[in-house]
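J.: Handing you this structure, nothing more for now.
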Amino acid sequence: MATVVLTLLAALLAGFHGALSAALGGAVSAVAGGMSALVALRRGKGSAGGVLIAALMAEGLKIGLMVVLSWIVLVSYEGVVVAAFVGSFIVTAMIFAMAFFVRDSD
């Protein structure tokens with residue numbers, strides 16, 4: 001949802017390239033966060049040590065994917081609006097980080 005709002009805002013401020021840059025920034029963060037969650041869920045079973053290892057592996061994967069995917073976008077897309085890309089990336093990454101603190105209402 002945040003990526004959609006930021007994409008529309010970037011479209012108004014910077015046109016098509018701004019909108020695409022914001023969408024790519026959100027996508028990089030969402031893909032990295034999603035893959036991290038999959039790794040944590042698949043490997044995070046068993047002992048406390050196993051859960052810790054899975055969490056560290058998932059976090060390492062997320063950081064690695066963020067770096068690689070950002071590099072791919074910045075190198076391959078000549079019309080990237082860096083402010084829109086980085087802004088959307090940061091907001092989406094912060095939302096994924098804050099999801100950790102959300103608890104069920106049971």
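The numbers here are math on the coordinates, done by the rules we state, and not lab data. As the structure is a prediction and not an experimental result, all values here were calculated from the model. We place every Cβ from the backbone using ideal geometry, glycine too, and count neighbours over all the protein chains shown.
J.: Determine the shape class of the chain: with a ≥ b ≥ c the square roots of the Cα gyration tensor eigenvalues, call it rounded for a/c under 1.5, and otherwise prolate if a/b is greater than b/c, oblate otherwise. Each step should come with its number before you reach the end.
T.: On the way: a/c = 3.95, a/b = 1.88, b/c = 2.10.
The shape class here is oblate.
J.: Could you compute the net charge surrounding residue 54? Neighbours are other residues with a C-beta less than 11 Å from the C-beta of residue 54; K and R count +1, D and E count -1. Don't jump to the answer; show the numbers that get you there.
T.: Numbers: positive: 42, 43, 45; negative: 59.
It works out to a net charge of +2.
J.: Related question: How large is the dipole of the chain about the Cα centre if only Lys and Arg carry +1 and Asp and Glu carry -1, each at its Cβ, rounded to the nearest 20 debye? Write out the running numbers ahead of the final one.
T.: On the way: 5 positive and 4 negative charges, 57 e Å.
Result for the chain is approximately 280 debye, rounded to the nearest 20.
J.: Sticking with this one: Where does helix 82-98 land angle-wise versus the long Cα axis of the chain, in degrees 0 to 90, nearest 10?
T.: Its long axis makes an angle of about 20 degrees.
J.: A follow-up question, please. For the chain, what is the calculated [θ] at 222 nm in deg cm²/dmol (nearest 500), taking -39500 (n - 2.57) for each run of four or more DSSP H residues and dividing by its residue count?
T.: Details: 3 runs with 88 residues, N = 106.
It lands at -30000 deg cm²/dmol.
J.: What does the highest-first list of 2-10, 64-72 look like by mean Cβ count within 10 Å? Could the numbers behind the result be given before it?
T.: Numbers: 2-10: 17.4, 64-72: 14.7.
In descending order of packing, they fall as 2-10, 64-72.
J.: Could you give me the ³J(HN,Hα) list for the stretch 66-72, computed from phi with Karplus coefficients 6.51, -1.76, 1.60 and θ = phi - 60°, whole Hz, x at Gly and Pro?
T.: The phi angles translate into 4, 5, 5, 5, 5, 4, 4 Hz.
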